[in-house]
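Below is one structure, written out as structure tokens; the observations come after it.
The values are calculated or read from the model by the stated rules, or taken from the named source; none is laboratory data. Keep in mind that this is a model prediction, so the values were computed, not measured. So basically every Cβ, Gly included, is an ideal-geometry build from the backbone, and we count neighbours across all protein chains shown.
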Amino acid sequence: MYEIETARIVIPILLPLLTAVAILATGRWPNVREACSVVGAAATFVAAMTLLPAVTHGGVYTYTLFEFFDGVAIRLRVDGMSLLFAGVSSFLWILAGFYCVGYMRGLEEHAQTRFYVCYAATIFSAVGVAFSGSLLSLYLFYELVSIFTYPLVMHHQDHEAYDGSRKYITYLMVTSKLLLLPVLVLTYVTTGTLDFATNIQTGIFPADAGRVLVTVLFFMSLFGYAKAAIMPLHNWLPSAMVAPTPVSALLHAVAVVKVGVFSICRVMLYVFGVDLLHRYGLGLITAYIAAFTILMGSAIALTKDNLKARLAYSTISQLSYIVLGVAMLTPSGITGGLIHIPNHAFSKITLFFCAGAIMVAHRKTEISQLDGIGYKMPFTMAAFGLASLSMIGAPPVAGFVSKWYLALGTMELKSLGLLVVLLASSLLNAGYFVPVFLRAFFPRNGGVARLQMAEASPFMVVPLFLTAVFSVVFGFYPDLFLKLIEVVR
Amino acid sequence: MTPAFAVETNVGYPILSVLVFLPLAGALVALMLKGDRTLKAWAFAVTVVEAALSVPLWTRFDPSTHRFQFLEMADWIPTFHIRYALGVDGISLLLVLLTTFVLPLCVLCSWRYIERRVKEFVVSLLIMETAMIGVFAALDLVLFYVFWEAMLVPMYLLIAVWGGPRKVYASIKFFLYTLAGSVLLLVAVIALYLKAGTFLIPELMQQGYSFAFQFWVFLAFALAFAIKVPMFPFHTWLPAAHVEAPTAGSVILASVLLKMGTYGFLRFCLPITPAAVAYLAPVFLWGSVVSILYGGFVALGQTDMKKLIAYSSVGHMGFVTLGIFLVNQRGIEGSILQMINHGITTGALFICVGILYERTHSRLIRDNSAVGAFMPVYVAFLGLFSLSSLAFPGTNSFVGELLVLVGAFQQNKLLAAFVIPGALLAATYMLRLLQKIIWDRVSGHHHGHDEGQGDEHEAGEAHRRHLFDLDLREAGMLAFLSVFVFWIGLNPKPFLKVMDRSIAHVITQAQAVEGLPEGGMTGLMNTLFPALGHSGGEEDAAPEHE
């Protein structure tokens, strides 16, 4: 591992911010505005990918933007983990950019400029989280994500949206002010620095850090990053589903929630460190907390008829896979957890895209209304089927790779309990995804439906089909992601 | 000849005297001018020139020493050893700059607000500036006291003449509270002179006074300053004064006047009465925590925007006093930075409220809700300053709050733990305010209409006519302040650098603690009233004489 100190890594963070400004400036001309959004997304992705070669060869980019006082600095750091998250977010932003055009125009939504500005600003903050090199920058960008998504959740400005957004910001602000802020200060007071460690073993705490203090700080962090939706702090996520579907898709399945999970992983590995978590036995407890969320999330998803609500609870459950994997603290566990960041992203965004397409084309939101929809929207529902397989963890779709490594991790730990949880969760996933698919293609009312194509606009169908295809591709060819994780381990 | 407590700094002209007396000269000229616009333009010109002249303080300041710089000294009343002495160090530098930079904004934000008695207004404002800069720069206790009292009348007039409906009540309350404080301040000034034989502040700091003497002097100082800050339970004059004062009055009050109290604690209490500070610090620390929580809770219940911001000030100033009484590097750094931050952010918020008031003629949140659709630029600025007020990372207040919290956690984890809910309260009331001002009213599900084509019933139309967005003057004021929000928020190092040495020196002075009474209340009584001879086996806690 070698360090490269360069200001170049600021570019991928700044590009989405500039995109937001460009969108604001061109708000009067919708075509230009939306072109800005897509071009900005593509530029961000390309800029992030220029960092890829050095990182896959074990390089770590660092740069100190501003120093507040000794040990407290807005520091940036780009390693495998950063690129994994930033790359996926910015790539999916390109597709979501197209999708937004179809969705927002299809429903003739109001305040579209505000929508696109906040959308881009959220990606800016998410890339910032990915590129954070100290707890301070992590906290800064994490909070920015909350504030920029707030208007997005409130988008419809009706009672439901106000209630949802109030709950959203309450959960996020209460946890960040009551838990993360004291963690930030206490960590600094204990260690004298807020910079991340350079490897995942040692962490930044001194060897004599007290067990009680470390344990308290750890759990405050685990629950403080409430965007990860670990139970019991998960309830904001279903409420946030009042937002327009592109928000639910990219932000509440990819960028925002993964900001939470990513932060937890970063803090576990680079602030506390594997050694310390082992010593105090904190990894296994976390794994069980995550396991509980996995099962409960799936169980609640079974009861939901609203498609987006079902997907939301599925997200809650799947996010905990990532936490579970990293909390195992074994090589395969960490691989399985981290690789689930992109794998879940591609599959879950597909599912949300499908839900949005169904909403725009047929104004249907409940699963019980979807009888025979597969004959009207064959491409959409085929994509839905593929992505469901990935959620379930069936080969050869991406989710299988994650589950494979997670299962390996449980065996390295020799933990039968966690293995059972993984398998049970697969069954539960099948339990709530397969019925949707069956209903779409084998309608209850018996009448053999004929193929009557009524798909949503190609702006929506092409992106969702592409993300589904990518899910399959990454099932066959997970090497790129594995390489990025390799350099972390 | 430069005395030991100062270093030579030559900028070619007596910079501090110019800064102090230029506004006064401006006020005299203003008496002779005619025409409202001319007067306002004159005041603006004077304050801008003043701000420009204060820049060398920043560029020529030497951060490598704690000693006073830009010193000016002359005999004033030799009989009583009263001198005309001005100078700044790392503690007062930023406060002087804050004052000179906020005053042009006070003139600008009154451009439309003040329509009658403009001449008197301009004169009051300029005299205030002289007095405020004098307070921060004075190195002689009598001179300090003169400037301190000189603020009282113009500020009283600002509230009583140009204020809202309950201006008489508010201004008298302000006057009485402040006067009560300054009377005791005068007693302390005289007591110090009788003891030390000098009024020169740096010389007063070098005397080792007995605990009993320090105790009484500290109490006299502390009451005056605690009223000014204001600390709970001496805060009740503040909401009244803020609500009734015109925008410029509120801005001066929030940005500069409140800092007089905390500046006083730092300048006088810590170096001159270190033993009393050490003995009574817990009272003030917990008092600060109560201020933070109380201010936050009460702000939560407000329906008047100005009252909300006024109570938030009580909470924010609680952070400042907390930092001061921690008596450690990070804590005091944080509290000085927080004084500046509060000046910028709360000043900006009062300007924001004033802008809205000029359009809707109401300060109630209810009457000002859902302006977001009509005034997007305004809302963007309001959002920024609200976030700054709730100490959002990346803004100025976050750095200040972080420093104070670091200081607090280093010292006393229990105390610090009680501060955290205060941070949450700030987020709660600010976000609630923000949501209500920007959106709130359910604007009829907008589906099916693109922006600007919502249902337009007549009431909405009338509403919209008043709610025109910011003009250049208003946007300029807020943009100017937002530069500092980001500058301090992202790169606070230059600001911390100028104060570092002075703070380290104050801490050394504050650690010169001897002869603390032992044995709880009885010990304290024995020390304070040796003549009463409280017996009870506590003889060994021998009281010090003189």
Q: Answer yes if at least one residue in region B:137-148 is surrounded by 22 or more Cβ atoms within 10 Å (Cβ to Cβ), part of a helix (DSSP H, G or I), among the small types (Gly, Ala, Ser) and touching a residue at least 24 places away in the same chain (Cβ under 8 Å), and no otherwise.
A: yes
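Please specify each residue of region B:404-416 satisfying the condition of being more than 18 Å from residue B:313 (Cα to Cα), more than 7 Å from chain A (Cβ to nearest Cβ) and part of a helix (DSSP H, G or I). Quick ask: steps written out before the conclusion?
Let us first name the residues in region B:404-416 that are more than 18 Å from residue B:313 (Cα to Cα), namely B:406-416.
Of the ones still in play, those that are also more than 7 Å from chain A (Cβ to nearest Cβ) are B:407-408, B:411-416.
Those that are more than 18 Å from residue B:313 (Cα to Cα), more than 7 Å from chain A (Cβ to nearest Cβ) and part of a helix (DSSP H, G or I): B:407, B:408, B:411, B:413, B:414, B:415, B:416.
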**Q.** Condition met for residue B:364 (over 25 Å from residue A:72 (Cβ atoms) and touching a Pro at 6+ places or on another chain (Cβ under 9 Å))
**A.** no
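Being touching a Ser or Thr at 6+ places or on another chain (Cβ under 8 Å) and either of a type outside the set (Lys, Arg) or assigned to a loop (DSSP other than H, G, I, E, B) (or both) is the requirement here; does residue A:203 meet it? Walk me through how you get there before you give the answer.
Details: touching a Ser or Thr at 6+ places or on another chain (Cβ under 8 Å): no; either of a type outside the set (Lys, Arg) or assigned to a loop (DSSP other than H, G, I, E, B) (or both): yes.
In short, no.
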Q: Check residue A:130 against each of (1) aliphatic (A, V, I, L, M); (2) in contact with a Leu (Cβ under 6 Å, 6 or more places away or on another chain); (3) under 28 Å from residue A:196 (Cα atoms) and name the one condition it does not meet.
A: (2)
Q | Selection within region B:374-391 - buried (at least 24 other Cβ atoms within 10 Å of the Cβ) and within 11 Å of chain A (Cβ to nearest Cβ) | A | B:386, B:387, B:390, B:391
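Scan region A:302-341 residue by residue and report those that are aliphatic (A, V, I, L, M) and surrounded by fewer than 24 Cβ atoms within 10 Å (Cβ to Cβ).
Result: A:302, A:309.
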Q) Here are some conditions: (1) within 12 Å of chain B (Cβ to nearest Cβ); (2) in a helix (DSSP H, G or I); (3) surrounded by fewer than 23 Cβ atoms within 10 Å (Cβ to Cβ). Residue A:156 meets all but one. Which one does it not meet? A) (2)
Q: Report yes if some residue within region A:183-196 is in contact with a strand residue (DSSP E or B) (Cβ under 7 Å, 6 or more places away or on another chain) and of a type in the set (A, V, I, L, M, F, W, C); otherwise report no.
A: yes
Q) Looking only at region A:220-239, which residues are surrounded by fewer than 16 Cβ atoms within 10 Å (Cβ to Cβ) and in contact (Cβ under 8 Å) with a residue 60 or more places away in the chain? A) A:235
Q. Hey, does region B:425-439 have a residue that's among the aromatic types (Phe, Trp, Tyr), more than 30 Å from residue A:190 (Cβ to Cβ) and more than 8 Å from chain A (Cβ to nearest Cβ)?
A. yes
Q) Of everything in region A:159-185 that's closer than 25 Å to residue A:136 by Cα and among the aromatic types (Phe, Trp, Tyr), which residue is surrounded by the fewest Cβ atoms within 10 Å (Cβ to Cβ)? A) A:171
Q. Which residue pairs have Cβ atoms under 6 Å apart, sit 6 or more places apart or on different chains, and have a first residue in region A:464-489 that is among the aromatic types (Phe, Trp, Tyr) and a second that is surrounded by fewer than 21 Cβ atoms within 10 Å (Cβ to Cβ) and in a loop (DSSP other than H, G, I, E, B)?
A. A:476/A:396
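Yes/no per residue for (1) in contact with a Phe, Trp or Tyr (Cβ under 8 Å, 6 or more places away or on another chain); (2) part of a helix (DSSP H, G or I):
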{"position": "B:87", "(1), (2)": "yes, no"}
{"position": "B:91", "(1), (2)": "yes, no"}
{"position": "B:100", "(1), (2)": "no, yes"}
{"position": "B:107", "(1), (2)": "yes, yes"}
{"position": "B:121", "(1), (2)": "yes, yes"}
Q.
Can you report the number of residues in region A:30-74 which are within 13 Å of another protein chain (Cβ to nearest Cβ) and not polar (S, T, N, Q)?
A. 12
Q) Does at least one position in region B:63-72 carry a residue that is part of a helix (DSSP H, G or I), under 30 Å from residue B:193 (Cβ atoms) and not charged (D, E, K, R)? A) no
**Q.** Residues being farther than 21 Å from residue B:353 by Cα and not aromatic (Phe, Trp, Tyr) - total across region B:470-500
**A.** 12
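Looking only at region A:175-196, decide whether some residue is under 19 Å from the mean Cα position of the chain (by Cα), at pLDDT 85 or above and within 13 Å of chain B (Cβ to nearest Cβ). So that I can check it myself, show each step before the final result.
First, pick out the residues of region A:175-196 that are under 19 Å from the mean Cα position of the chain (by Cα): A:175-176.
In the following step, the residues that additionally are at pLDDT 85 or above were identified as A:175-176.
Still in the running and within 13 Å of chain B (Cβ to nearest Cβ): A:175-176.
Within region A:175-196, one or more residues are under 19 Å from the mean Cα position of the chain (by Cα), at pLDDT 85 or above and within 13 Å of chain B (Cβ to nearest Cβ).
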Q) Can you name the residue in region A:387-440 that is without any contact (Cβ under 8 Å) to a residue 60 or more places away in the chain and of a type in the set (Ser, Thr, Tyr) and, of all such residues, is nearest to residue A:375 (Cα to Cα)? A) A:388
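Quick one: is residue B:195 free of Cβ contacts under 8 Å to residues at least 24 places away in the same chain and of a type outside the set (S, T, N, Q)?
Details: free of Cβ contacts under 8 Å to residues at least 24 places away in the same chain: yes; of a type outside the set (S, T, N, Q): yes.
Yes; evaluated as a whole, the condition is true for this residue.
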Q) Do we find a residue being more than 14 Å from chain B (Cβ to nearest Cβ) and either without any contact (Cβ under 8 Å) to a residue 60 or more places away in the chain or buried (at least 18 other Cβ atoms within 10 Å of the Cβ) (or both) anywhere in region A:102-111? A) yes
(Q) within 11 Å of another protein chain (Cβ to nearest Cβ) and under 11 Å from residue A:255 (Cα atoms): which single residue out of A:137, A:125 fits that description? (A) A:125
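So, in region A:213-266, of the ones that are assigned to a helix (DSSP H, G or I) and out of contact with any helix residue (DSSP H, G or I) (no Cβ under 7 Å at 6 or more places or on another chain), which residue ends up nearest to residue A:295 (Cα to Cα)? Steps first, answer last, please.
In the first step, residues of region A:213-266 are kept if they are assigned to a helix (DSSP H, G or I); the result is A:213-224, A:226-228, A:236-242, A:245-266.
After this cut, where a residue has to be out of contact with any helix residue (DSSP H, G or I) (no Cβ under 7 Å at 6 or more places or on another chain) as well, the list is A:216, A:219.
Details: A:216: 25, A:219: 20 Å.
Among those that are assigned to a helix (DSSP H, G or I) and out of contact with any helix residue (DSSP H, G or I) (no Cβ under 7 Å at 6 or more places or on another chain), it is A:219.
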Q. Which residue pairs have Cβ atoms closer than 7 Å, lie 6 or more positions apart in sequence or on different chains, and pair a first residue in region B:480-493 that is at the interface with another protein chain (Cβ under 10 Å from one of its Cβ atoms) with a second residue that is assigned to a loop (DSSP other than H, G, I, E, B) and not basic (Lys, Arg)?
A. B:489/B:394; B:489/B:395; B:490/B:394
